Amino acid sequence: MKYFSTNNKNHLVSLQEAVFKGLALDKGLYMPQAFPVMPDNFFKNIKDYSFAGLSFELAKALFGEDIPEAELRSINEDALNFDTPLVEVQKDVFSLELFHGPTLAFKDVGARYMARMLGYFTKGYKKEIHVLVATSGDTGSAVANGFLGVEGVKVHVLYPKGKVSYLQEKQFTTLGQNISALEIDGSFDDCQKLVKEAFVDELINQHLTLTSANSINLARLLPQSFYYFNAFRQLPGVNKKLAVAVPSGNFGNLTAGLIAKKMGLPVDQFIASTNINDVVPEYLTTGIYKARPSIATVANAMDVGDPSNFARILEIYGFSHDAIARDILGFSYTDRQIKDCIAEVNRNHHYLPDPHGATAYLALKEFLSSNDEFHGIFLETAHPAKFSETVEESIGKTVEIPERLENFAKRKKISIPMSKEYAEFRDYLLQIH
Ligand SMILES: *Cc1c(COP(=O)(O)O)cnc(C)c1O
């Protein structure tokens, strides 16, 4: 399979190059030239598969020409060594729990998969690959844990001092091995600027092989389509249409769902749910896309004002607003509505959503209230304990911290303090050998 840039259909690269580069040189996003459609037999037997088994079939269809089967099997089994259970919250409403990986958020899926794919492609390389990642919290922990112990790859996480939560910080500053954490005296934007400068610095690029692990990388995006099939596998066989509600920020998760549909998954309606950063829901109703600075909310992993995967959605639907708006409905919610929803679901259905999952739940319920020929799935993207402050304020009770998160808290933080001046970061990179 070849991959093209959304800015130039004739710019074709291999899977390996798309994964190494992340972003195309013309600043476009890579997309597969075709989406393989899964055969009827696959769907007939879908209930017999495990998550890893089902993912292996999908991976073979997507990556089978580029990665030998035995290697692909081990990438799959290693990366997806946890389940994504479907939990019935109430009649016709199911939660797809994507938070059973090591950092208790759905970003584990893409990060773990990408780490292993990169590990495969760099096998036999004489030089180490260096992953630079700027984070405001969740991405850093998923990437750092995803790459932990992967041979031939070193990860450098840049994060703003004092601006990530205590538990988030612990998740990427306590790992050791091939993971380093740089505590930058500045903002998240400063961190991102340092990373960007390093990528275009010729001397650094002569000295080190750099790559990014950000969410636009195909090796993170494509495997996310696998859990949509895993949700479908667990759905009871009811004769109803299927709606899937996705809490969205950069729209990678939703794009992966659209790709699953392209590969044959029978989803009748996608629902994009956002916090008040509603650039895409607004586009869906008006046809006008207006990027703007993001606003801070309680569902902060979705505080995005110019979603990076929007270009991919346009591409999938041939730039037709009508076609996009037919498949995807948009909703957006305020912090008040999100917090009230957490309380309501907890009180009436004895289920505890996190702020992001709650945003999707609200949209699904709003849709189902006037579409009773449907049942629906909302994606639960993080464990509620990761956002304990908001969740506890909503329900007026403390949230139990799962053992996996507690274990991070017990470990010792090791980070390298650094100013936001590029010269200092540059020296740090140049002294690596
Ligand atoms: C990143 C993230 C999202 C948003 O996902 P996108 O793919 O950027 O739309 C939603 N929920 C949580 C918990 C996240 O970490």
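The values are calculated or read from the model by the stated rules, or taken from the named source; none is laboratory data. No experiment lies behind these values; they were computed from the predicted model shown. Note that we place each Cβ from the backbone using ideal geometry, even for glycine, and neighbour counts take in every protein chain shown.
Can you tell me which residues in the range 334-353 are surrounded by 24 or more Cβ atoms within 10 Å (Cβ to Cβ) and either free of Cβ contacts under 8 Å to residues at least 60 places away in the same chain or aromatic (Phe, Trp, Tyr) (or both)? Spell out how you get there, then give the answer.
First, the residues of the range 334-353 that are surrounded by 24 or more Cβ atoms within 10 Å (Cβ to Cβ): 338, 342, 345, 353.
Residue satisfying the conditions is Ile342 alone.
The residues on offer are Phe226, Phe232, and the sole one that is surrounded by 18 or more Cβ atoms within 10 Å (Cβ to Cβ) and away from the ligand (no atom under 16 Å from the Cβ) is Phe232.
Looking at this structure, is Gly101 under 20 Å from Asp189 (Cβ atoms) and not aromatic (Phe, Trp, Tyr)?
Details: under 20 Å from Asp189 (Cβ atoms): no; not aromatic (Phe, Trp, Tyr): yes.
Criteria not met by Gly101.
Could you grab me the full set of residues in the range 306-339 that are assigned to a helix (DSSP H, G or I) and more than 11 Å from Leu284 (Cα to Cα)? Show your work before the answer.
Looking only at the range 306-339, we keep the residues that are assigned to a helix (DSSP H, G or I), and these are 310-316, 321-327, 335-339.
Within the range 306-339, Phe310, Ala311, Arg312, Ile313, Leu314, Glu315, Ile316, Asp335, Arg336, Gln337, Ile338, Lys339 meet the criteria.
Of everything in the range 390-424 that is outside any helix (DSSP H, G or I) and acidic (Asp, Glu), the residue that is modelled with the lowest pLDDT is Glu400. Scanning the range 72-107 for residues that are surrounded by 17 or more Cβ atoms within 10 Å (Cβ to Cβ), of a type in the set (Val, Ile, Thr) and over 20 Å from the mean Cα position of the chain (by Cα) yields Val89, Val93. How many of the residues making up the range 109-134 are buried (at least 24 other Cβ atoms within 10 Å of the Cβ) and not in a helix (DSSP H, G or I)? Total meeting the criteria: 4.
On the given criteria, is Asp268 among the charged types (D, E, K, R) and at pLDDT 95 or above? For Asp268, the condition - among the charged types (D, E, K, R) and at pLDDT 95 or above - is met.
Taken over the range 12-45, the residue count meeting the criterion of being in a helix (DSSP H, G or I), farther than 25 Å from Tyr120 by Cα and of a type outside the set (S, T, N, Q) is 4.
For the range 375-417, the candidate set comprises residues that are without any contact (Cβ under 8 Å) to a residue 40 or more places away in the chain and polar (S, T, N, Q); within that set, the residue that is surrounded by the most Cβ atoms within 10 Å (Cβ to Cβ) is Ser388. Taking (1) touching a residue at least 40 places away in the same chain (Cβ under 8 Å); (2) touching a Lys or Arg at 6+ places or on another chain (Cβ under 7 Å) in turn, Gln33 satisfies each apart from (1). Go through the residues of the range 271-280 one by one and say whether even a single one is of a type outside the set (Gly, Ala, Ser), closer than 24 Å to Ala24 by Cα and away from the ligand (no atom under 12 Å from the Cβ). The answer is no; no qualifying residue exists. Within the set Pro281, Pro293, Pro266, the sole residue that is more than 18 Å from the chain's Cα centre (by Cα) and either within 30 Å of Asn45 (Cβ to Cβ) or charged (D, E, K, R) (or both) turns out to be Pro266.
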